[in-house]
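Written out below as structure tokens is the structure these notes cover.
What follows is calculated from the coordinates using simple rules that are stated; it is not laboratory data. Computed from a prediction, not measured in an experiment: that's the story for all the values here. A quick note on method: Cβ atoms are made from the backbone with ideal geometry, for glycine too, and the neighbour counts reach across all protein chains shown.
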Amino acid sequence: MNRVQHEVPLRCKGIAVVLLKNTPCGYKVLLLKRDTPVLRGVWCYIGGGIEEGEKAWETALREIREETGITKVSLFTSNKFDQFYSAKEDYIYVAPVFVGYVDDDQEVILNNEHSEYEWLTFTEAIERVSIPGNEEVLEFIEKHFVRNSPMEFLRIGM
């Protein structure tokens, strides 16, 4: 008997961004505390949906600006992805993760999606993130974007 197999679709409708700044005490990671009905109270890095006509990296820059007020950023693609399975809608969500380097003196101005922010060491950030899998993304970024210089071909030229 041949059974027809069901394929779970992949959907890429959003992005994630990890912002880094180099301080006298080493690199720090920006985490934001969500203040929306979905994920309220959850500490995470920047994320958002791709709008019609946008490239994923353009969404990353827009979301950085909207969520933090930061406009000067050196952006890289990380070659890492956030992903999860939605049992309710039966699909796998995949989002490219970008890495942004910002100057130490850039001020963060939160929008209404977040109630708090903190610049944390990687160890602190890995302990603080709430969404399963975020800690692996941070470990990957620390290895490839802090302990090692990122490969130039990963830079997003604007």
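Annotations for the structure displayed:
- Residues of the stretch 22-41 falling in the label zone of ALA87, defined by backbone nitrogen less than 20 Å from a point 7 Å along Cα to beta-carbon, are 38-40.
- Within the chain: Cβ-based charge dipole about Cα centre, in debye rounded to nearest 20 (Lys, Arg +1; Asp, Glu -1): 340
- Extending 7 Å from Cα along the Cβ direction at GLU52 and again at GLU107 yields two label points whose distance is 3.6 nm.
- Note on the stretch 1-129: Cα Rg divided by 2.2 N^0.38 Å, N the number of residues, gives 1.19.
- Mean ellipticity per residue at 222 nm, deg cm²/dmol - from DSSP H runs of n ≥ 4 across the chain, formula -39500 (n - 2.57): -5000 deg cm²/dmol
- Residues with amide H under 5 Å from that of ILE70, placed H, sequence gap 5 or more: ILE109
- In sequence order, calculated HN-Hα J values of the stretch 106-118 (Karplus, 6.51, -1.76, 1.60; Hz; x Gly/Pro): 6, 7, 9, 10, 6, 8, 6, 7, 9, 9, 8, 8, 8
- Long-range HN-HN contacts of LEU19 with modeled amide H, under 5 Å: LEU30, ILE46, GLY100
- Number of Lys pairs (Cα under 24 Å; 8 or more positions apart or on different chains) in the chain: 18
- Degrees separating the helix 56-68 axis from the principal Cα axis of the chain, which is the longest one: 50
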